[in-house]
């Protein structure tokens, strides 16, 4: 570990400690440090900007509420990932229940659940990514293919695939985050990889 | 020191092993047997290449930045706690 990394951990521990004591500025700094990590992970899991934004909000509300439960035994980032993954699982369960009570014909898609803000403005109106028209066509096509494939994966496998293969966490770290054994991580990863390879087979042979 | 001969491995075994250890630098007897098998089995080597492609597609994908409005809303909600 480099001197900078050690210093970074010390600074983070101090920030967490201060935030636990009620220092609002320290908590805001923690949010600033990790908001992109949380949003990016949530986006990769739910493939939808609105849902990623909701997960981001829910995650930091939970972090704020549970901060005094963080005992510093694990890395703060591991604890944070535990909360995000839990929110993703909860959201998935809630959506399943809502879907079964409203309609059985609406599969999970990136366009579903058009949430409104408190003032009635559609959340979608706040979310925009700028691309050139040509990029847009290629990106949209590829994104749809990747979305469709990964959204078919059971959430447990999806989380492992994203943690291990997309974000590059070790099997041990993914196991800690998901509170499962390393064997379970490897087995879920194997199933996820095989499933995605089969789903994208046609695309790769073009 | 005598070394044991490397056992032959089956495709299903290769698939399972490669899936679980794709990016790990292993040099066990079994790993060497798997590598040898991959050199001679077109199906297994294609599966491996495809799997790496899949991972690469998801890894290289661009993730949108957090919209400024969402960032503002998050900070506002935190400061009201």
**Prompt:** residue A:30: within 12 Å of another protein chain (Cβ to nearest Cβ), assigned to a helix (DSSP H, G or I), at pLDDT 90 or above and over 23 Å from residue A:153 (Cβ atoms), yes or no?
**Reply:** yes
**Fill in**
The one condition residue B:70 fails out of (1) surrounded by 11 or more Cβ atoms within 10 Å (Cβ to Cβ); (2) more than 14 Å from chain A (Cβ to nearest Cβ); (3) at pLDDT 85 or above is (2)
**Request:** For residue A:155, work out the one condition from (1) at pLDDT 80 or above; (2) within 12 Å of another protein chain (Cβ to nearest Cβ); (3) within 23 Å of residue A:56 (Cα to Cα) it doesn't fulfil.
**Result:** (2)
**Asked** Does region B:37-60 contain at least one residue that is part of a loop (DSSP other than H, G, I, E, B) and farther than 25 Å from residue B:9 by Cα?
**Response** no
**Fill in**
Those residues of region A:33-50 that are part of a helix (DSSP H, G or I) and out of contact with any helix residue (DSSP H, G or I) (no Cβ under 7 Å at 6 or more places or on another chain) come to a total of 4
**Request:** Look at residue A:199 and say whether it is in contact with a helix residue (DSSP H, G or I) (Cβ under 7 Å, 6 or more places away or on another chain), modelled with pLDDT under 60 and assigned to a helix (DSSP H, G or I).
**Result:** no
**Fill in**
Contact list, first residue from region A:57-82 and away from chain B (no Cβ under 13 Å) and under 22 Å from residue A:169 (Cβ atoms), second anywhere and at pLDDT below 90 and crowded, with 17+ Cβ neighbours inside 10 Å, beta-carbon distance below 7 Å, six or more apart or interchain, is A:76/A:12
**Complete:** Of the candidates A:141, A:172, the one satisfying the condition of being modelled with pLDDT of 90 or more and surrounded by fewer than 17 Cβ atoms within 10 Å (Cβ to Cβ) is A:172
**Message:** Just checking, does region A:125-135 include any residue being more than 9 Å from chain B (Cβ to nearest Cβ) and at pLDDT 80 or above?
**Reply:** no
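The values are calculated or read from the model by the stated rules, or taken from the named source; none is laboratory data. Computed from a predicted structure; not experimentally measured. Please note: Cβ atoms are built from the backbone with ideal geometry, for glycine as well, and neighbour counts cover all protein chains shown.
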